[in-house]
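Asker: Have a look at the structure that comes next, please.
The values are calculated or read from the model by the stated rules, or taken from the named source; none is laboratory data. Just so it is clear, the structure is predicted and the values come from calculations on it, not from any experiment. Here the Cβ positions follow ideal geometry from the backbone for every residue, glycine too, while neighbour counts run over all protein chains shown.
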Amino acid sequence: MTSARLHLDGKDYELPVVRGSEGETGIVIDQLRSSSGAITLDPGFTSTGACRSAITFIDGAKGILRYRGYPIEQLAEHSDFAEVAYLLLYGELPTQEQSAAFRADLTYHSMIHEDMKKFFEGFPPNAHPMAILSAMVASLSTYYPGTEEESNEINFVRLIAKVRTLAAYAYKKSIGQPTIYPRNDLSYCANFLHMMFAVPAEEYVINPVLVRALNMLLILHADHEQNCSTSTVRMVGSSRANIFASISSGICALWGPLHGGANQAVLEMLQMIADDGSGYQKWIDRAKDKDDSFRLMGFGHRVYKNYDPRATILRKMAADVLDELGVSDPLLDIARDLERVALEDEYFVERNLYPNVDFYSGILYRAMGIPTNMFTVMFAIGRLPGWLAHWKELREDDSSRIYRPRQIYTGYTERTYQPIESR
Ligand code: ACO
């Protein structure tokens, strides 16, 4: 089939069909409005493709996630975050030389301008670190205002390098400690842990278990095709806004509890269940009750309707890392019980609701000593290479146009203005 036929108001329209490299089918409707006057309506974009993309493939029914063709399971086991960032941005795994150069760039661009440290002083102590991060990332555009052509490549590296410094500074600010400068002898993830947890008075010893866990968490979050925040980055980028403004908007989109904010919401939910003490069945029942707004956070996904392959990896890793660190966390036990009960419950089975990546990531971050309000920031650090890769792909596509959806208007038809005294 190379075309689809639409029958509308007594007329037939021939719509071209495109096939993706994994066989997905798309009906091209970009001429539909000009030829028929009609538009398609798909709030939430469940059946709408916004672009062609060669970055990430997801098969939600089979639980498949691949970056540039490589299965997430292989990348999580054998790669590290810097290499995955390179893969997403440039399309291929780096050679040894490319890898060394990229890692050196990430190291040498990790400091932020000293003046930017003053910005942190202006935020109240309890400011949410996602607000600080999005403001800081937008502010980077004032320090690197160069023209796009000359600066995009270096700005990709600057952003990946600096985002962890900004995140760690936001944390240090929130707990009233002095900021810690990055060290050039440390890898990407080790450097982040150093800036988060070192204090000037004593030497901070990097724990390789934490470095490995952090690499894996960031890899699992690195891209997820046209999700809410990535679509936001593309949307903003489509207006030719600069890379810092575009990424800052992605951070804001990620913040919401239905998206990246879910990892914080999961931990808060598990804590609430623990504090409540009356067992998890009550919460399962509330999640099923249509008159109750409570949902099981960390359950369900727009795309994965079978299982989330990232959750499978993290479930195992959470247990291993807690064992290795010698941490026992009652919230992990509650999480497992909740998962077991929900997976047997007809409501969840019928709706194909499974734990998503965020169900276990919070447990891991907590074991690593990362506070709950930083969880979504961790997600943002991980997702950054994906956002950048999509922004780059959009800008390199000569056929891309400004994103401008249509609507079906449901308001008043024309009416006459009434002066205020006669209303
Ligand atoms: N708990 C209870 N019921 C749920 C849940 C949940 N977590 N998720 C979905 N449902 C129910 C809905 O009420 C709906 O039931 P109905 O058909 O009887 O009306 C049905 O399952 C379908 O759910 P939708 O909300 O239509 O699914 P959608 O694809 O729009 O939403 C989402 C997906 C936002 C992830 C949703 O499942 C949810 O809110 N989950 C909790 C938040 C969460 O974990 N978000 C993280 C997503 S992963 C990520 O961003 C990395």
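Asker: Mind listing just one residue for me: the one in the stretch 272-316 that is at positive phi and buried (at least 19 other Cβ atoms within 10 Å of the Cβ) and, of those, farthest from the ligand (Cβ to nearest atom)?
Answerer: Checking each candidate, the answer is Gly298.
Asker: Give the residues of the stretch 187-218 that are modelled with pLDDT under 95 and of a type in the set (Ser, Thr, Tyr), sorted by residue number.
Answerer: Tyr204
Asker: Then there is this: Picking from Ala342, Ala319, which residue would you name as being surrounded by 20 or more Cβ atoms within 10 Å (Cβ to Cβ) and over 24 Å from Trp255 (Cβ atoms)?
Answerer: Checking each option against the conditions leaves just Ala342.
Asker: If you don't mind, there's one more thing I want to ask. Can you report the number of residues in the stretch 190-212 which are touching a Leu at 6+ places or on another chain (Cβ under 8 Å), more than 21 Å from Gly326 (Cβ to Cβ) and among the hydrophobic types (A, V, I, L, M, F, W, C)?
Answerer: The number of residues fulfilling the criteria is 1.
Let's see how each residue does on (1) closer than 27 Å to Ile58 by Cα; (2) modelled with pLDDT of 85 or more; (3) touching a His at 6+ places or on another chain (Cβ under 6 Å):
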{"position": "Met235", "(1), (2), (3)": "yes, yes, no"}
{"position": "Ser246", "(1), (2), (3)": "yes, yes, no"}
{"position": "Met269", "(1), (2), (3)": "no, yes, no"}
{"position": "Leu296", "(1), (2), (3)": "yes, yes, no"}
{"position": "Phe299", "(1), (2), (3)": "yes, yes, no"}
{"position": "Leu314", "(1), (2), (3)": "yes, yes, no"}
{"position": "Ala319", "(1), (2), (3)": "yes, no, no"}
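Asker: If you go through the stretch 395-410 one residue at a time, do you hit one that is assigned to a helix (DSSP H, G or I), crowded, with 16+ Cβ neighbours inside 10 Å and within 13 Å of the ligand (Cβ to nearest atom)?
Answerer: Scanning the stretch 395-410 turns up no residue that is assigned to a helix (DSSP H, G or I), crowded, with 16+ Cβ neighbours inside 10 Å and within 13 Å of the ligand (Cβ to nearest atom).
Asker: Somewhere in the stretch 233-240, is a residue within 16 Å of the ligand (Cβ to nearest atom) and assigned to a helix (DSSP H, G or I)?
Answerer: Checking the stretch 233-240: at least one residue is within 16 Å of the ligand (Cβ to nearest atom) and assigned to a helix (DSSP H, G or I).
Asker: Still on this structure, I have one more. Might you let me know whether the stretch 175-186 holds any residue that is modelled with pLDDT under 95 and in contact with a strand residue (DSSP E or B) (Cβ under 7 Å, 6 or more places away or on another chain)?
Answerer: yes
Asker: Across the stretch 254-264, which residue is nearest to Ala367 (Cα to Cα) among those that are crowded, with 21+ Cβ neighbours inside 10 Å and among the aliphatic types (A, V, I, L, M)?
Answerer: Among them, the one singled out is Ala262.
Asker: Then there is this: Of the numbered conditions (1) within 13 Å of the ligand (Cβ to nearest atom); (2) of a type in the set (A, V, I, L, M); (3) part of a helix (DSSP H, G or I), Leu353 satisfies every one except a single condition; which is it?
Answerer: Only one criterion is unmet by Leu353, namely (3).
Asker: Yes or no: Val341 in contact with a helix residue (DSSP H, G or I) (Cβ under 9 Å, 6 or more places away or on another chain), touching a residue at least 12 places away in the same chain (Cβ under 8 Å), closer than 21 Å to Trp283 by Cα and within 16 Å of the ligand (Cβ to nearest atom)?
Answerer: yes
Asker: Determine, yes or no, whether Ala265 is farther than 22 Å from Thr376 by Cα, hydrophobic (A, V, I, L, M, F, W, C), near the ligand (Cβ under 8 Å from one of its atoms) and outside any loop (DSSP other than H, G, I, E, B).
Answerer: No: the conditions fail for Ala265.
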